[in-house]
Amino acid sequence: MTKAVIFIYTRSFNEPGVDSIDRYEVADYQINDSVVEAKYCGEKWIFPLTSIMGIEELKDEK
């Protein structure tokens with residue numbers, strides 16, 4: 001299991017010029033073809049690879 005922070009670029013179509021980068025701390029993730037599958041808040045989420053601004057893996061603190 002690899003904990004990570006995934007940064008997602010979001011463009012608002014309702015408000016031109018209002019873009020954001022959202023931060024998701026995930027319990028596990030893997031890259032499959034053109035998507036990133038992740039466990040977020042106990043659920044499986046799928047992010048398009050084209051929206052990923054970055055992935056920063058977190059070290060386990062023991």
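The values are calculated or read from the model by the stated rules, or taken from the named source; none is laboratory data. This structure is a prediction, so every number in the text was calculated from the model and none was measured. Quick reminder, even Gly has a Cβ in these numbers, built from the backbone with ideal geometry, and neighbours come from all protein chains shown. For accessibility, only protein heavy atoms count, side chains too; no ligands or nucleic acids. Shrake-Rupley method; radii C 1.70, N 1.55, O 1.52, S 1.80 Å.
Points to keep in mind about this one:
- Meets criteria (open to solvent by 100 Å² or more (accessible area, probe 1.4 Å) and out of contact with any Pro (no Cβ under 7 Å at 6 or more places or on another chain)) for residue 50: yes
- Scanning region 3-38 for residues that are touching a Lys or Arg at 6+ places or on another chain (Cβ under 9 Å), closer than 15 Å to residue 55 by Cα and open to solvent by 50 Å² or more (accessible area, probe 1.4 Å) gives 3, 7, 25.
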